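The values are calculated or read from the model by the stated rules, or taken from the named source; none is laboratory data. Not measured: the values here are computed from a predicted model. Here the Cβ is made from the backbone with ideal geometry for all residues, glycine too, and neighbour counts use every protein chain on show.
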Amino acid sequence: MNKEINAIPVLPLRGITIFPKMVMHFDVGRTKSLKAIEEAMKDDEMLFVVAQKDASVDDPKEGDLYTVGTIVHIKQMVKISEGQVKILVKGKSRAKIVSLTDDDFIAANIEVIEEEKVMDTEYEALLRTIGELFERYAELSPGITDEVLYGILGVKDSVEMIDLMIGHIPVEVEKKQEVLGCLDLNERMYKVAEILNSEIDILDIQKDIYSKVKRNIDKSQKEYFLREQIKIIQDELGDKDGLQADLDKYEAKLKSLELPEEVRNKIEKEINRLKKTATASPESGTIRGYIETVLELPWGTETKENLDLKKASTVLEKEHYGLTKVKERVLEYLAVKKLAPNGEPPIICLVGPPGVGKTSIAKSIAKATGRNYVRVSLGGVRDEAEIRGHRRTYVGAIPGRFVYSLTEAKTMNPLMLLDEIDKMSGDFKGDPAAALLEILDSNQNNAFRDHYLEVSLDLSKTLFITTANTLSTIPKPLLDRMEVIEVNSYTESEKLEIAQKYLLPNQLKKHALTTKNVKISKANMLYLISNYTKESGVRNLERTLAKICRKVAREMVENEVEVVQITPAKLKDYLGASVYTYDKKNEKSEVGIVRGLAWTSVGGDTLSIEVGRMKGKGRLQLTGKLGDVMKESAQAAISYIRSQADKLGVAEDFYEKEDLHIHIPEGAVPKDGPSAGITMATAMISALTEKPVKANLAMTGEITITGRVLPIGGLKEKLLAAKRANINEIIVPVQNKKNVDEMDASIIEGLNIVYATTMNDVLAHVFA
């Protein structure tokens, strides 16, 4: 009677079948499989492995698995990475699934299959036949070495030998599973013999194909050598269809171009070198490549620049909403260019968070100014040769990106966008940012020398626009050569205008819809912006609108409707529950709790800073995954409070008898920056004096140990966050008043902004 094993962990296999006595290693990454291995390792290291019928199924159920598998012993387990291990197993015996349970991992009650041999004449004949077939297969198959062949044929146990044979034959899982699941030994041997016979036929055909291919390759090589001999003969005779034809083409193009004298002399010299170089020589191809690269550059070709300010303004306004500073700078440049035609174009750096339109505005500027547009992506560039090119002494040398970009632009005065200039980095191959110093300097770029070209290239007529998310990673010498224009985050009202005027019409057009098919009011669009997108720009908003259009298209086709009204309920149906929620102001004034303002990569946000006071020995505890800068701000605030303890009404020995615990909720989210100093100081003073802080108040600013309030950045985003939280009184450093004065009235409307020079100014307004 067959033995039964209960609740053995099961490991489903994809594309693999393991036989008894076979040793195999493979990777495991699925969660249930990992838990099954863990369970096996706890007990006797035994595991039941069984193949899946469909390898693409990620979470197989009982119907997805074959019924017969193999009990294996885990010999070794190695962790490769987080969530992935490699295990080495050895097959023990066949087993059949009786029943399955599927919880954290798959477990099974199985019946171990006992092998029965009938030692008759048919058995002996089959065994000899299989041995001969496997020897024939090994002769044809490069994967079966002599050691493997004799190792398998030398196995005394016929059952084990047959299993090892089929395990070494690369056939489909279905065929292997037929053999594994065949319980009658003679029938199993018939199946293996049939598979071996089929594989031998296939290998015979493959051998024939390989010999035919080899004959064809030998013929092609012979033809290649003959063609090369013909070329040499043509060169010797000066045949017009050989090298001479290319030389005539180069010389004709050289005469037609208006080249600088230096370039003309260089090309003439290279053409003469090419005449004296054998066609079969590798140097011949190098010289040809150089000549063609230089002659393809748009020497002397320029587009006529549009100096009509009204036309340029119309183009910019039509294609982009907002970005006032950028548009004004372009119109100023065109006005100066009209008065001083020989003036140098500016080198502008657009700095702002992702998705606010830095890259797309460059294309609009090119259209407004009448220049050809070309983009150079600098993100991730680490090699100086990407900028300056390789010297021609290197094998596979090519020019730098700027030479290629001018060739692509087909003009010497394009608008060249240098995208993601803040994401370059240097390594042992040089510093690409240093190589840009010459290009982005109007006093030097009229004679830029690419290492590959070895001649001067005039880039002074190119209008360079660069983009960056932050200035902190741009080297100071490079930053000094650029005129920085900040592109700020969009307010919700600006996003509403952009969505209605640009994004929605574009998406409707892409999805073959019209405003008659999709109806969405301003209020519902604003609801979509507030609850489903949280970003500085509008990239995610555009993706969300595209998703809505797809949902509408499907609903129109399936339900045969013509109009779909987008409401909050419909948005929930299409997009799920609201993705983002925003903290509101505190409901009542509380002790030790102060609302701070923070800048993030997706806009502004509010942070509730909480301070707890307890008996102790003056220990300061900081939690909430705070960065080094915020920790130092807390230490500075403590020093300020200790120095002003008497004036603040705080016990002078509080730092010896009491512990303070500063906590900022959402502890898993990293927080850092130089703008939480006054907030933490206020929260600590409130906790130590037991005075509650106003509920409708928020603040931002850094503190010194003497109580001075220092300026901060990202004020626009922070004020918008405060308005969103229904906070109407804001304390900001007095040095940031200039930033407030530059803001639109819609941003500061309804806000009572208090300017603070010292902590005394802050404390005069905070307590309820």
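Listing for the model above:
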| quantity | calculated |
| --- | --- |
| Unmet criterion (only one of (1) surrounded by 14 or more Cβ atoms within 10 Å (Cβ to Cβ); (2) modelled with pLDDT under 85; (3) closer than 28 Å to Ile5 by Cα) for Val118 | (1) |
| Check on Lys476, of a type outside the set (Phe, Trp, Tyr), surrounded by fewer than 14 Cβ atoms within 10 Å (Cβ to Cβ) and more than 25 Å from Ile348 (Cα to Cα) | no |
| All positions within the range 128-149 that are loosely packed, with under 14 Cβ neighbours inside 10 Å and either in contact with a helix residue (DSSP H, G or I) (Cβ under 6 Å, 6 or more places away or on another chain) or assigned to a loop (DSSP other than H, G, I, E, B) (or both) | Pro142, Gly143, Thr145 |
| Matching option when the condition is assigned by TED's automatic domain parsing to the domain that holds Gly673, buried (at least 17 other Cβ atoms within 10 Å of the Cβ) and over 30 Å from Pro353 (Cα atoms), among Arg619, Arg595, Arg613 | Arg613 |
| Subset tally (residues that are crowded, with 20+ Cβ neighbours inside 10 Å and over 21 Å from Lys534 (Cβ atoms)) for the range 713-729 | 0 |
| Flag for Gln507 being outside the structural domain of Glu317 (by TED's automatic domain parsing) and either crowded, with 20+ Cβ neighbours inside 10 Å or in contact (Cβ under 8 Å) with a residue 40 or more places away in the chain (or both) | yes |
| Filtered residues of the range 93-127 (kept if touching a helix residue (DSSP H, G or I) at 6+ places or on another chain (Cβ under 7 Å), hydrophobic (A, V, I, L, M, F, W, C) and part of a helix (DSSP H, G or I)) | Leu126, Leu127 |
| Residues of the range 172-202 that turn out to be more than 15 Å from Leu127 (Cβ to Cβ), buried (at least 17 other Cβ atoms within 10 Å of the Cβ) and out of contact with any Lys or Arg (no Cβ under 9 Å at 6 or more places or on another chain), as a count | 2 |
| Sole exception among (1) aliphatic (A, V, I, L, M); (2) assigned to a helix (DSSP H, G or I); (3) surrounded by fewer than 20 Cβ atoms within 10 Å (Cβ to Cβ) for Leu528, by number | (3) |
| Of residues in the range 66-86 being outside any strand (DSSP E or B) and touching a Gly at 6+ places or on another chain (Cβ under 9 Å), the one surrounded by the fewest Cβ atoms within 10 Å (Cβ to Cβ) | Gly83 |
| Test: Pro354 is in contact (Cβ under 8 Å) with a residue 12 or more places away in the chain and in a loop (DSSP other than H, G, I, E, B) | yes |
| Unmet requirement for Thr491, which otherwise passes all of (1) of a type in the set (S, T, N, Q); (2) surrounded by 18 or more Cβ atoms within 10 Å (Cβ to Cβ); (3) modelled with pLDDT of 85 or more | (3) |
| Options Gly343, Gly380: the member that is free of Cβ contacts under 8 Å to residues at least 12 places away in the same chain, of a type outside the set (A, V, I, L, M) and surrounded by fewer than 20 Cβ atoms within 10 Å (Cβ to Cβ) | Gly343 |
| Inter-residue pairs, beta-carbon under 8 Å, first within 21 Å of Lys338 (Cα to Cα) and in the range 296-323, second part of a loop (DSSP other than H, G, I, E, B) and among the hydroxyl-bearing types (Ser, Thr, Tyr), 6+ apart | Thr301/Thr411; Glu302/Thr411; Thr303/Thr411 |
| Checking Lys501 against (1) modelled with pLDDT of 85 or more; (2) touching a helix residue (DSSP H, G or I) at 6+ places or on another chain (Cβ under 7 Å), the condition it does not meet | (2) |
| Neighbours by Cβ (under 7 Å, 6+ apart or cross-chain): first from the range 39-68, closer than 15 Å to Asp102 by Cα; second of a type in the set (Phe, Trp, Tyr) | Glu39/Phe105; Val50/Tyr66 |
| All positions within the range 16-54 that are in contact with a helix residue (DSSP H, G or I) (Cβ under 8 Å, 6 or more places away or on another chain), surrounded by fewer than 17 Cβ atoms within 10 Å (Cβ to Cβ) and either modelled with pLDDT under 85 or among the β-branched types (Val, Ile, Thr) (or both) | Ile16 |
| Selection count where residues are among the aliphatic types (A, V, I, L, M) and farther than 19 Å from His320 by Cα, scope the range 526-545 | 2 |
| Test for Ala447: is it surrounded by fewer than 21 Cβ atoms within 10 Å (Cβ to Cβ), among the aliphatic types (A, V, I, L, M), in contact with a strand residue (DSSP E or B) (Cβ under 6 Å, 6 or more places away or on another chain) and not assigned by TED's automatic domain parsing to the domain that holds Ile287 | yes |
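This table checks each residue for (1) modelled with pLDDT of 85 or more; (2) part of a loop (DSSP other than H, G, I, E, B); (3) over 25 Å from Ile498 (Cβ atoms).
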{"residue": "Arg543", "(1), (2), (3)": "yes, no, no"}
{"residue": "Ala546", "(1), (2), (3)": "yes, no, no"}
{"residue": "Met556", "(1), (2), (3)": "yes, no, yes"}
{"residue": "Lys588", "(1), (2), (3)": "no, yes, yes"}
{"residue": "Gly618", "(1), (2), (3)": "no, yes, yes"}
{"residue": "Ala636", "(1), (2), (3)": "yes, no, yes"}
{"residue": "Ser639", "(1), (2), (3)": "yes, no, yes"}
